[in-house]
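Everything below concerns the one structure shown next.
Throughout, read-outs are computed from the coordinates displayed, never taken from laboratory work. Computed from a predicted model, the values in this text were never measured in an experiment. Cβ coordinates were reconstructed from backbone atoms using ideal geometry, including for glycine residues, and neighbour counts include every protein chain displayed.
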Amino acid sequence: MRVLVVEDNRDSALSLAVVLRLYGHDVQVADDGPSGLAAAQANPPDVIFLDIGLPGDMDGWEVVRQLRQMTFERRPSVIAVTGYGTDHDRKRSYEAGVDMHFTKPAEPKRLKSILERLQKVRAS
């Protein structure tokens, strides 16, 4: 699948990208909200792994709100992978349009399982 990782911590982004590539996915990385939106528009992903605590004026919640207003042939799944882990943070994520919310660090095997399930759903 085409996967977009939007994460401002370069080491975290590259580590996640390496793991996802090992699982056979085509991965792009963006380091802030505007870059993530541009990447999603230029090469629409199947799945977006999104940090909530992004730098600048656009946090992850604003990114997903804007993503949900964009037109895609197939709506990408958005998975928050973030240090924001309170019940209030999760609620804000789901209200903004996130499909799943995980607290860092995300377990690679769990991400693999989720991607396999999403891939099956997209294939049907």
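For the chain, DSSP calls about 0 percent of its internal beta bridges antiparallel.
Sequence-distant contacts, meaning Cα pairs under 8 Å at least 6 residues apart, place the relative contact order of the range 18-83 at 36 percent.
From a point 7 Å beyond the Cα of Thr86 in the direction of its Cβ, which residues of the range 40-67 have a backbone N at a distance under 13 Å? None, by backbone N distance to the label point. For the range 2-116, the relative contact order works out to 23 percent when only alpha carbon pairs closer than 8 Å and six or more residues apart are counted. When the charge dipole of the chain is built from unit charges on Cβ atoms (+1 for Lys and Arg, -1 for Asp and Glu) and taken about the Cα centre, the candidate among Ala30, Gly83, Gln119 whose Cα reaches farthest toward its positive end is Gln119. Report the paramagnetic label zone for Asp57: residues of the range 70-96 whose backbone N is under 15 Å from a point 7 Å from Cα along the Cα-to-Cβ axis. Answer for the range 70-96: none.
Under a model in which nothing but the beta-carbon of Lys, Arg (+1) and Asp, Glu (-1) is charged, the range 2-116 shows a dipole of about 380 debye around its Cα centre. Projecting label points 7 angstrom from Cα along Cα→Cβ for Arg110 and Ser124 puts them 2.4 nm apart.
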